[in-house]
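Peer 1: Let me give you the structure first, and then I'll get to my questions.
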(Lines give C-alpha, C1' and ligand atoms only; values in the text may rest on other atoms or scores of the structure.)
Protein backbone atom coordinates (compact mmCIF):
# COMPACT_ATOMS: atom_id res chain seq x y z
CA UNK A 1 0.00 0.00 0.00
CA UNK A 2 1.32 3.45 -0.90
CA UNK A 3 0.71 6.75 0.86
CA UNK A 4 -2.14 7.78 -1.46
CA UNK A 5 -4.06 4.59 -0.71
CA UNK A 6 -3.38 5.03 3.00
CA UNK A 7 -4.70 8.60 2.93
CA UNK A 8 -7.80 7.43 1.05
CA UNK A 9 -8.57 4.98 3.84
CA UNK A 10 -8.11 7.69 6.47
CA UNK A 11 -10.47 9.97 4.57
CA UNK A 12 -13.06 7.21 4.35
CA UNK A 13 -12.86 6.79 8.14
CA UNK A 14 -13.19 10.54 8.60
CA UNK A 15 -16.17 11.04 6.29
CA UNK A 16 -18.03 8.06 7.79
CA UNK A 17 -17.35 8.70 11.48
CA UNK A 18 -16.53 12.40 12.04
CA UNK A 19 -20.07 13.67 12.35
CA UNK A 20 -19.02 17.26 13.12
CA UNK A 21 -15.33 17.52 12.25
CA UNK A 22 -15.84 16.37 8.67
CA UNK A 23 -17.65 19.62 7.85
CA UNK A 24 -14.49 21.56 8.66
CA UNK A 25 -11.89 19.13 7.34
CA UNK A 26 -13.48 19.18 3.87
CA UNK A 27 -12.72 22.92 3.63
CA UNK A 28 -8.95 22.40 3.68
CA UNK A 29 -6.79 22.17 0.52
CA UNK A 30 -5.98 18.53 -0.36
CA UNK A 31 -2.56 18.17 1.32
CA UNK A 32 -3.78 19.56 4.64
CA UNK A 33 -7.12 17.77 4.34
CA UNK A 34 -5.42 14.42 3.91
CA UNK A 35 -3.02 15.06 6.78
CA UNK A 36 -5.80 16.06 9.17
CA UNK A 37 -7.82 13.02 8.11
CA UNK A 38 -4.82 10.88 9.12
CA UNK A 39 -4.70 12.62 12.50
CA UNK A 40 -8.43 12.08 12.96
CA UNK A 41 -8.28 8.42 11.96
CA UNK A 42 -5.60 7.61 14.51
CA UNK A 43 -7.31 9.69 17.21
CA UNK A 44 -10.53 7.85 16.45
CA UNK A 45 -8.75 4.54 16.88
CA UNK A 46 -7.55 5.61 20.30
CA UNK A 47 -11.03 6.80 21.30
CA UNK A 48 -12.60 3.56 20.11
CA UNK A 49 -10.25 1.56 22.32
CA UNK A 50 -11.17 3.66 25.34
CA UNK A 51 -14.91 3.49 24.60
CA UNK A 52 -14.98 -0.19 23.65
CA UNK A 53 -16.30 -3.20 25.56
CA UNK A 54 -12.99 -4.87 26.40
CA UNK A 55 -11.90 -5.37 30.02
CA UNK A 56 -9.97 -2.45 31.47
CA UNK A 57 -6.69 -4.39 31.42
CA UNK A 58 -7.04 -5.12 27.70
CA UNK A 59 -7.92 -1.51 26.95
CA UNK A 60 -4.86 -0.33 28.86
CA UNK A 61 -2.63 -2.74 26.94
CA UNK A 62 -4.01 -1.59 23.58
CA UNK A 63 -3.68 2.08 24.50
CA UNK A 64 -0.06 1.56 25.54
CA UNK A 65 0.53 -0.28 22.26
CA UNK A 66 -0.86 2.75 20.42
CA UNK A 67 1.52 4.95 22.40
CA UNK A 68 4.43 2.78 21.30
CA UNK A 69 3.27 3.01 17.69
CA UNK A 70 3.19 6.80 17.69
CA UNK A 71 6.53 6.94 19.51
CA UNK A 72 7.99 4.80 16.72
CA UNK A 73 6.59 7.24 14.16
CA UNK A 74 8.21 10.16 15.96
CA UNK A 75 11.52 8.27 15.90
CA UNK A 76 11.04 7.47 12.17
CA UNK A 77 11.53 3.79 12.98
CA UNK A 78 10.73 1.97 9.74
CA UNK A 79 7.76 2.11 7.38
CA UNK A 80 4.44 1.05 8.97
CA UNK A 81 2.28 -1.49 7.17
CA UNK A 82 -0.88 -0.18 8.85
CA UNK A 83 -2.64 2.30 6.49
CA UNK A 84 -3.51 4.81 9.21
CA UNK A 85 0.02 4.76 10.60
CA UNK A 86 1.48 4.93 7.10
CA UNK A 87 -0.58 8.04 6.31
CA UNK A 88 0.25 9.59 9.68
CA UNK A 89 3.97 8.96 9.15
CA UNK A 90 3.80 10.62 5.74
CA UNK A 91 1.87 13.58 7.16
CA UNK A 92 4.47 13.91 9.91
CA UNK A 93 7.19 14.27 7.29
CA UNK A 94 5.26 16.93 5.37
CA UNK A 95 4.02 19.01 8.31
CA UNK A 96 5.33 20.00 11.74
CA UNK A 97 2.82 17.79 13.55
CA UNK A 98 3.64 17.39 17.27
CA UNK A 99 3.04 13.64 17.30
CA UNK A 100 3.84 13.49 21.02
CA UNK A 101 0.44 15.11 21.62
CA UNK A 102 -1.14 11.73 20.87
CA UNK A 103 0.43 10.60 24.15
CA UNK A 104 -1.72 13.15 25.98
CA UNK A 105 -4.82 11.87 24.19
CA UNK A 106 -3.91 8.37 25.36
CA UNK A 107 -3.43 9.65 28.92
CA UNK A 108 -6.97 11.06 28.81
CA UNK A 109 -8.39 7.80 27.52
CA UNK A 110 -6.57 5.91 30.27
CA UNK A 111 -8.31 8.19 32.77
CA UNK A 112 -11.63 7.09 31.23
CA UNK A 113 -10.63 3.45 31.45
CA UNK A 114 -9.84 3.91 35.13
CA UNK A 115 -13.20 5.70 35.63
CA UNK A 116 -11.58 8.87 36.89
CA UNK A 117 -13.77 11.53 38.47
CA UNK A 118 -12.95 15.21 38.89
CA UNK A 119 -13.19 17.07 42.16
CA UNK A 120 -12.49 20.56 40.82
CA UNK A 121 -12.58 22.30 37.47
CA UNK A 122 -8.78 22.44 37.45
CA UNK A 123 -8.83 18.63 37.62
CA UNK A 124 -11.25 18.49 34.69
CA UNK A 125 -9.16 21.04 32.81
CA UNK A 126 -6.27 18.56 32.72
CA UNK A 127 -8.56 15.98 31.11
CA UNK A 128 -9.94 18.47 28.56
CA UNK A 129 -6.46 19.51 27.52
CA UNK A 130 -5.49 15.85 27.10
CA UNK A 131 -8.41 14.65 25.00
CA UNK A 132 -9.30 17.82 23.07
CA UNK A 133 -6.47 20.34 23.46
CA UNK A 134 -4.15 17.69 22.05
CA UNK A 135 -6.21 17.56 18.84
CA UNK A 136 -6.01 21.34 18.57
CA UNK A 137 -2.25 21.23 18.84
CA UNK A 138 -1.98 18.41 16.30
CA UNK A 139 -4.19 20.39 13.90
CA UNK A 140 -2.14 23.55 14.38
CA UNK A 141 0.94 21.64 13.25
CA UNK A 142 -0.83 21.05 9.93
CA UNK A 143 -2.20 24.58 9.61
CA UNK A 144 1.21 26.14 10.23
CA UNK A 145 2.07 28.44 13.12
CA UNK A 146 3.88 31.76 12.87
CA UNK A 147 3.80 32.29 16.65
CA UNK A 148 3.72 28.71 17.97
CA UNK A 149 3.73 29.44 21.70
CA UNK A 150 0.83 31.85 21.55
CA UNK A 151 -1.16 29.98 18.92
CA UNK A 152 -0.74 26.71 20.80
CA UNK A 153 -2.41 28.28 23.83
CA UNK A 154 -5.32 29.41 21.66
CA UNK A 155 -5.69 25.96 20.08
CA UNK A 156 -5.59 24.43 23.52
CA UNK A 157 -8.28 26.81 24.81
CA UNK A 158 -10.52 26.02 21.86
CA UNK A 159 -10.11 22.32 22.57
CA UNK A 160 -11.23 22.91 26.17
CA UNK A 161 -14.35 24.72 24.91
CA UNK A 162 -15.23 21.86 22.57
CA UNK A 163 -14.77 19.25 25.28
CA UNK A 164 -16.89 21.17 27.78
CA UNK A 165 -19.63 21.19 25.15
CA UNK A 166 -19.21 17.44 24.68
CA UNK A 167 -19.47 16.86 28.42
CA UNK A 168 -22.76 18.77 28.66
CA UNK A 169 -24.16 17.06 25.57
CA UNK A 170 -23.26 13.57 26.80
CA UNK A 171 -24.24 13.85 30.49
CA UNK A 172 -26.86 11.11 30.26
CA UNK A 173 -24.88 8.79 27.98
CA UNK A 174 -21.76 9.09 30.15
CA UNK A 175 -23.78 8.51 33.32
CA UNK A 176 -25.30 5.32 31.92
CA UNK A 177 -21.76 4.18 31.02
CA UNK A 178 -20.55 4.79 34.58
CA UNK A 179 -18.75 8.07 33.91
CA UNK A 180 -19.19 11.47 35.57
CA UNK A 181 -17.16 14.37 34.20
CA UNK A 182 -18.88 17.35 35.81
CA UNK A 183 -16.67 18.52 38.71
CA UNK A 184 -17.87 17.43 42.15
CA UNK A 185 -17.51 20.99 43.44
CA UNK A 186 -19.87 22.27 40.73
CA UNK A 187 -22.42 19.53 41.40
CA UNK A 188 -22.34 20.40 45.10
CA UNK A 189 -22.61 24.11 44.42
CA UNK A 190 -25.94 23.61 42.66
CA UNK A 191 -27.22 20.86 44.93
CA UNK A 192 -26.95 18.18 42.24
CA UNK A 193 -26.15 14.56 42.96
CA UNK A 194 -25.07 11.98 40.39
CA UNK A 195 -25.20 8.59 42.06
CA UNK A 196 -24.14 5.90 39.65
CA UNK A 197 -26.35 2.85 39.43
CA UNK A 198 -29.67 4.66 39.17
CA UNK A 199 -31.78 4.16 36.01
CA UNK A 200 -31.50 7.84 35.02
CA UNK A 201 -29.72 10.94 36.32
CA UNK A 202 -31.77 13.76 37.87
CA UNK A 203 -35.14 12.05 37.91
CA UNK A 204 -37.30 14.54 39.86
CA UNK A 205 -38.45 17.98 38.72
CA UNK A 206 -36.50 19.60 41.54
CA UNK A 207 -33.32 17.78 40.49
CA UNK A 208 -33.85 18.80 36.87
CA UNK A 209 -34.30 22.44 37.86
CA UNK A 210 -31.03 22.42 39.79
CA UNK A 211 -29.35 20.68 36.86
CA UNK A 212 -30.60 23.45 34.53
CA UNK A 213 -28.87 26.04 36.71
CA UNK A 214 -25.68 23.98 36.62
CA UNK A 215 -25.85 23.82 32.81
CA UNK A 216 -26.20 27.61 32.61
CA UNK A 217 -23.09 27.96 34.77
CA UNK A 218 -21.05 25.48 32.73
CA UNK A 219 -22.22 27.02 29.44
CA UNK A 220 -21.06 30.47 30.58
CA UNK A 221 -17.69 28.95 31.43
CA UNK A 222 -17.46 27.28 28.01
CA UNK A 223 -18.26 30.58 26.26
CA UNK A 224 -15.19 32.13 27.87
CA UNK A 225 -13.02 29.35 26.51
CA UNK A 226 -14.56 29.75 23.06
CA UNK A 227 -13.85 33.49 23.18
CA UNK A 228 -10.20 32.79 23.92
CA UNK A 229 -9.78 29.89 21.50
CA UNK A 230 -11.55 31.48 18.55
CA UNK A 231 -8.83 34.14 18.44
CA UNK A 232 -6.82 31.47 16.63
CA UNK A 233 -8.82 32.08 13.45
CA UNK A 234 -7.22 35.46 12.88
CA UNK A 235 -3.70 34.01 13.13
CA UNK A 236 -3.88 31.20 10.55
CA UNK A 237 -4.49 31.11 6.80
CA UNK A 238 -8.01 31.48 5.40
CA UNK A 239 -8.70 27.82 4.60
CA UNK A 240 -7.33 26.62 7.94
CA UNK A 241 -9.44 29.26 9.67
CA UNK A 242 -12.48 28.05 7.74
CA UNK A 243 -11.83 24.48 8.88
CA UNK A 244 -11.46 25.51 12.51
CA UNK A 245 -14.34 27.96 12.33
CA UNK A 246 -16.70 25.34 10.93
CA UNK A 247 -15.88 22.76 13.59
CA UNK A 248 -15.96 25.25 16.45
CA UNK A 249 -19.03 27.00 15.06
CA UNK A 250 -21.03 23.76 15.04
CA UNK A 251 -20.10 23.04 18.64
CA UNK A 252 -20.75 26.61 19.75
CA UNK A 253 -24.25 26.50 18.26
CA UNK A 254 -24.79 23.17 19.96
CA UNK A 255 -23.73 24.73 23.27
CA UNK A 256 -26.34 27.47 22.90
CA UNK A 257 -28.99 24.89 22.10
CA UNK A 258 -28.05 22.94 25.23
CA UNK A 259 -28.08 26.11 27.33
CA UNK A 260 -31.58 26.97 26.09
CA UNK A 261 -32.92 23.43 26.65
CA UNK A 262 -30.94 21.87 29.54
CA UNK A 263 -33.50 19.12 30.19
CA UNK A 264 -33.16 17.87 26.60
CA UNK A 265 -29.70 16.41 27.29
CA UNK A 266 -31.32 14.17 29.91
CA UNK A 267 -33.47 12.62 27.19
CA UNK A 268 -30.76 11.79 24.66
CA UNK A 269 -27.83 13.15 22.68
CA UNK A 270 -28.50 16.55 21.11
CA UNK A 271 -27.13 17.50 17.71
CA UNK A 272 -27.62 20.04 14.96
CA UNK A 273 -29.41 18.98 11.77
CA UNK A 274 -27.12 18.45 8.74
CA UNK A 275 -28.49 21.54 6.99
CA UNK A 276 -27.54 23.77 9.90
CA UNK A 277 -24.07 22.24 10.07
CA UNK A 278 -23.62 22.93 6.36
CA UNK A 279 -24.74 26.53 6.89
CA UNK A 280 -22.11 26.97 9.61
CA UNK A 281 -19.46 25.57 7.25
CA UNK A 282 -20.48 27.98 4.49
CA UNK A 283 -20.27 30.90 6.89
CA UNK A 284 -16.82 29.75 8.03
CA UNK A 285 -15.64 29.51 4.43
CA UNK A 286 -16.85 33.07 3.79
CA UNK A 287 -14.29 34.27 6.32
CA UNK A 288 -16.70 36.57 8.14
CA UNK A 289 -15.84 35.21 11.59
CA UNK A 290 -12.11 35.42 10.89
CA UNK A 291 -12.57 39.03 9.71
CA UNK A 292 -14.54 39.97 12.82
CA UNK A 293 -11.97 38.42 15.11
CA UNK A 294 -9.11 40.12 13.27
CA UNK A 295 -10.86 43.49 13.70
CA UNK A 296 -11.27 42.91 17.41
CA UNK A 297 -7.64 42.00 18.07
CA UNK A 298 -5.50 44.29 20.16
CA UNK A 299 -6.33 45.82 23.52
CA UNK A 300 -10.01 44.99 23.08
CA UNK A 301 -9.52 41.40 21.92
CA UNK A 302 -11.09 38.59 23.99
CA UNK A 303 -8.95 37.67 26.98
CA UNK A 304 -8.25 34.11 28.12
CA UNK A 305 -10.87 32.79 30.55
CA UNK A 306 -10.54 34.61 33.85
CA UNK A 307 -12.03 32.03 36.19
CA UNK A 308 -9.47 29.31 35.55
CA UNK A 309 -6.45 31.19 34.23
CA UNK A 310 -3.51 28.83 33.79
CA UNK A 311 0.18 29.59 33.70
CA UNK A 312 -0.07 29.59 29.90
CA UNK A 313 -2.83 32.20 30.03
CA UNK A 314 -0.77 34.39 32.34
CA UNK A 315 2.19 34.09 29.97
CA UNK A 316 -0.06 35.15 27.09
CA UNK A 317 -1.13 38.28 28.94
CA UNK A 318 2.50 39.07 29.78
CA UNK A 319 3.38 38.80 26.07
CA UNK A 320 0.65 41.27 25.12
CA UNK A 321 1.66 43.73 27.82
CA UNK A 322 5.23 43.56 26.57
CA UNK A 323 3.97 44.39 23.07
CA UNK A 324 5.01 41.10 21.51
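Peer 1: Can you pull out the helices (runs of 4 or more DSSP H) entirely within segment 143-224 that have at least 2 residues that are at pLDDT 95 or above, within 30 Å of residue 35 (Cβ to Cβ) and not assigned by TED's automatic domain parsing to the domain that holds residue 26?
Peer 2: Counting at least 2 such residues, we get 148-169.
Peer 1: Further question on the same structure: Search segment 51-68 for residues that are farther than 24 Å from residue 173 by Cβ and pair each with any residue that is assigned to a helix (DSSP H, G or I) when their beta-carbon atoms are under 6 Å apart and the residues are at least 6 apart or on different chains.
Peer 2: From segment 51-68, the pairs are 67/103; 67/106.
Peer 1: Right, another one. Suppose we filter segment 257-277 for residues that are loosely packed, with under 13 Cβ neighbours inside 10 Å and closer than 25 Å to residue 200 by Cβ; how many remain?
Peer 2: Qualifying residue count for the region: 4.
Peer 1: Is at least one residue of segment 113-122 more than 16 Å from the chain's Cα centre (by Cα), buried (at least 20 other Cβ atoms within 10 Å of the Cβ) and either modelled with pLDDT of 95 or more or in a helix (DSSP H, G or I) (or both)?
Peer 2: yes
Peer 1: Just give me the residues in segment 252-271 being at pLDDT 95 or above and touching a helix residue (DSSP H, G or I) at 6+ places or on another chain (Cβ under 7 Å), in sequence order.
Peer 2: Across segment 252-271, the qualifying residues are 252, 253, 254, 255, 258, 259.
Peer 1: If you scan segment 70-84, which residues turn out to be assigned to a helix (DSSP H, G or I) and either touching a helix residue (DSSP H, G or I) at 6+ places or on another chain (Cβ under 6 Å) or within 19 Å of residue 52 (Cα to Cα) (or both)?
Peer 2: The answer is 70, 73, 83, 84.
Peer 1: Among (1) buried (at least 23 other Cβ atoms within 10 Å of the Cβ); (2) over 24 Å from residue 217 (Cβ atoms), which single condition is residue 151 missing?
Peer 2: It is condition (1) that residue 151 fails.
Peer 1: State whether one or more residues within segment 302-309 are modelled with pLDDT under 75 and assigned to a helix (DSSP H, G or I).
Peer 2: First, the residues of segment 302-309 that are modelled with pLDDT under 75: 302-309.
Those left that are additionally assigned to a helix (DSSP H, G or I): none.
No, because not a single residue in segment 302-309 is modelled with pLDDT under 75 and assigned to a helix (DSSP H, G or I).
Peer 1: Which numbered condition trips up residue 12, out of (1) under 20 Å from residue 137 (Cα atoms); (2) in a helix (DSSP H, G or I)?
Peer 2: Evaluating residue 12 over (1) under 20 Å from residue 137 (Cα atoms); (2) in a helix (DSSP H, G or I) leaves (1) as the failure.
Peer 1: Shifting gears a bit: Just checking, does segment 283-291 include any residue being modelled with pLDDT of 75 or more, exposed (fewer than 12 other Cβ atoms within 10 Å of the Cβ), in the same structural domain as residue 235 (by TED's automatic domain parsing) and within 26 Å of residue 124 (Cα to Cα)? Steps first, answer last, please.
Peer 2: Going residue by residue through segment 283-291, those that are modelled with pLDDT of 75 or more are 283-291.
From what is left, the residues that are exposed (fewer than 12 other Cβ atoms within 10 Å of the Cβ) are 288.
Imposing the further condition that a residue be in the same structural domain as residue 235 (by TED's automatic domain parsing) reduces the set to 288.
Now drop any that are not within 26 Å of residue 124 (Cα to Cα), which leaves none.
No: zero hits.
Peer 1: A follow-up question, please. So, in segment 75-102, how many residues would count as being touching a residue at least 12 places away in the same chain (Cβ under 8 Å) and crowded, with 16+ Cβ neighbours inside 10 Å?
Peer 2: Here the count works out to 16.
Peer 1: Still on this model: Condition test on residue 109, is it more than 23 Å from residue 215 (Cβ to Cβ), outside the structural domain of residue 35 (by TED's automatic domain parsing) and assigned to a helix (DSSP H, G or I)?
Peer 2: Yes, satisfied.
The values are calculated or read from the model by the stated rules, or taken from the named source; none is laboratory data. What you are looking at is a predicted structure, and each value in this text was computed from that prediction instead of being measured. A quick note on method: Cβ atoms are made from the backbone with ideal geometry, for glycine too, and the neighbour counts reach across all protein chains shown.
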